1. Using θ = phi - 60° and the Karplus form 6.51 cos²θ - 1.76 cosθ + 1.60, what ³J(HN,Hα) does each residue of the range B:134-144 get, whole Hz, x for Gly and Pro?
2. Just name one of B:THR77, B:PRO97, B:SER25: the one whose Cα is farthest towards the positive end of the charge dipole of the range B:1-113 (beta-carbon charges, Lys/Arg +1, Asp/Glu -1).
3. Please report the antiparallel percentage of DSSP beta bridges with both residues in the protein assembly as shown, rounded to the nearest 5.
4. Dipole size in debye (nearest 20) for chain A around its Cα centre, Lys and Arg Cβ +1, Asp and Glu Cβ -1?
5. Rounded, prolate or oblate: which one fits the range B:185-262, using the alpha carbon gyration tensor with axes a ≥ b ≥ c (rounded when a/c is under 1.5, else prolate when a/b beats b/c, else oblate)?
6. Averaged over all directions, how much area does the convex hull of the C-alpha atoms of the range A:174-243 cover when projected, in nm²?
7. Using the Kirkwood formula on the Cα atoms of the range B:61-268, what hydrodynamic radius do you get, in angstrom to one decimal?
8. Taking H as built 1.01 Å from N, whose amide H comes closer than 5 Å to the amide H of A:PHE360, not counting residues under 5 places away?
Amino acid sequence: MRSKIMTGAAILAAAALALTACTTDSSSTGSGGLSIDVPDIAMLEELGDMENEVNIVAWSGFVEPAWTDEFTAETGCTVNRRVAGTSDEMVQLMRTGDYDVVSASGDASLRLIAGGDVQPINLDLVPNFGDDIVEGMKGQIYDTINGKSYGVPIGRGANILQYNSDVVTETPTSWDVAWEADSPYAGKIIAYDAPIYIADAAVYLMAHEPDLGITNPYALDETQLDAAIELLKQQNEIVSEYWADPAAQITSFAGGTTVLGTSWEILRKLTDDAKFKSVLPEEGATGWSDAWMISAESESPNCAYAWVDYTSEAEVNGAIATNFGMAPANGAFCETSDEAAAHCEYFNATDEEYFEQVWFWTTPIEQCIDGRTDVTCTNFQEWTDAWLTVKG
Amino acid sequence: MNRRAQLSALLALPMLWLIGIYIFSLVMLLVTAFWVTDPFTSKVKPGFTLRNFEQIIANPAYASTSLRTLGIALAVTILSILISVPLGIFMAKVASPKLRALLAVAITLPLWAGYLVKILAMRITFTEEGFFNSMLGPLGISGPGFSIVTVVLTLTYLWLPYMAVPVYTAISQLPPNLFDASADLGAGAGFTIRTVVLPLIRPAIIAGSIFTFSLSLGDYIAAKFVGGSTQMIGSIIASNINLNPPIAAAFSLVPIAFVIVYLVVVQRTGALERM
């Protein structure tokens, strides 16, 4: 399972195979492997004088005065923040050319790179990107393409199974309670409301329908996608709600409409009620891994680099991770204080074994990223279209 | 000549608004429906393709969602009429002036609260351990939860004033002697409402229904917060707007078509002239 994490240099050296590593057995990809046509965008060779400002598109909680004030004082770059709610919105905002930096999740980053919207990052100019970055977040498929790095990791988390222990008295070990028609909690199950949730169904099928041959939930051929949609339709009969808005998810649990379903650690924490517990079921789960990316058309590249470097520093990276509720990318943060250590422990920051069970969001593309070459995989547009049929 | 200049000066701003901003953006939207999207980067490129429309026809989810949305919009309209007519008659003909003023405030008050606030209020009301279930639970009644029924109730709550106000105004303008005459001729209350009041206030009902119908048709936030797994036309457009704007544009033709058909039907009845 280790293999879903891109193992870096060895594979990159295999030239055009940049996208292959997402399989259980990356050697099986052979010479017919994947390469992505990426527009040639120049990498910044050296830093110059700071500009006046940097415009950032970010998830809520990533850019806060608690750490931007010091940045502005140090560099003279004023930080302008734009909070985006979804990956798709981020991609759209970056295409306006008005922003310098984005905190892209894996399902946005590939689109940005292939669309020529972000520039390769010269890691020599980001001294804080060093050995302290946790192993599982280096050279990932969704920010390193054709040997070039496009993103500097911020943090990661899993889409866990949250449950109300007053109702669900036995700790679930499997996602079956959320997927099977005979679930004892039918009618009280919450599901995530986005096409990328198809991957969650694929993760479940991977364990329960081995005949389908799914080895990566983001590389589904047509038959596999159909099977995932069938499972989602079956789940549609037993869901209480779909959530895209975090506040709605919290109130759904708190108000008793929902007793179990997909969640993030931070949302469970926000319920502020010990009866809500979470588990990473045996099948594994999907998750997200975010990275800073710099716009290809950035008017303030120096401020942008300064921001990326500043936020990769252990303390600042930790502050973002703590505020958002995720595992920080910079492992050094965990040793800065007892509180930090507790945070890292809680979010499994340096526990690669935990994250080996997590399939980080990746944009599905026609080339099968599990290395298959005899079939065409379904792309994100097809996922979006198929997703509509789930709710009918 | 001078008068003409005056007239064009007077019309310049509304025309600029209507053509320059309103019509132009609608036309742009329709043009986008024929553009293509790169399947990988989801970048939109100008071009001409009918693929977006083919996709809407090929995928049955688009048709079923359109019909569901149409049903919701009609249900909201009918429910609004059923509430507004008796309410209007009571306010205009029965209630004391004081009570009338109170009711008028009560009907229009929700208009002053934020749209999202009202939807979230409905969400709290209908949540499993919410107000509805805790009030009626002891009687053995359990609420509809988050479902299509709750969407209809929420939209009715949101748009009722747009129906209630014109209906009340129309009823209060009915001459009292019509009621007297009807009673003198031996008609009961129900008969009077059916044969005298309803035909006379029909233009007001139709005017109100244009609001309740078209506002419900375009809504998706209610479905998102109180709909459970209910999918409406707006939900699909919203989920496509960033990923595949051309298909979102193509699908937005469906509610436009619904509203046009509705307006044509209304026009046939001659109600628009008397509005």
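What follows draws every value from the coordinates through simple rules; no lab data is involved. Note that this is a predicted model, so its numbers are computed, not measured. Cβ: placed from backbone, ideal geometry, glycine included. Neighbour counts: every protein chain shown.
1. 6, 7, 9, x, x, 8, x, 9, 10, x, x
2. Result: B:PRO97, furthest along the dipole toward the positive end.
3. Beta bridges within the protein assembly as shown, antiparallel portion: roughly 60 percent.
4. Here the size comes out at about 580 debye.
5. It is prolate, given that a/c is not under 1.5 and a/b is the larger ratio.
6. The orientation-averaged projected area of the Cα hull of the range A:174-243 comes to 4.3 nm².
7. 18.9 Å
8. A:GLY287
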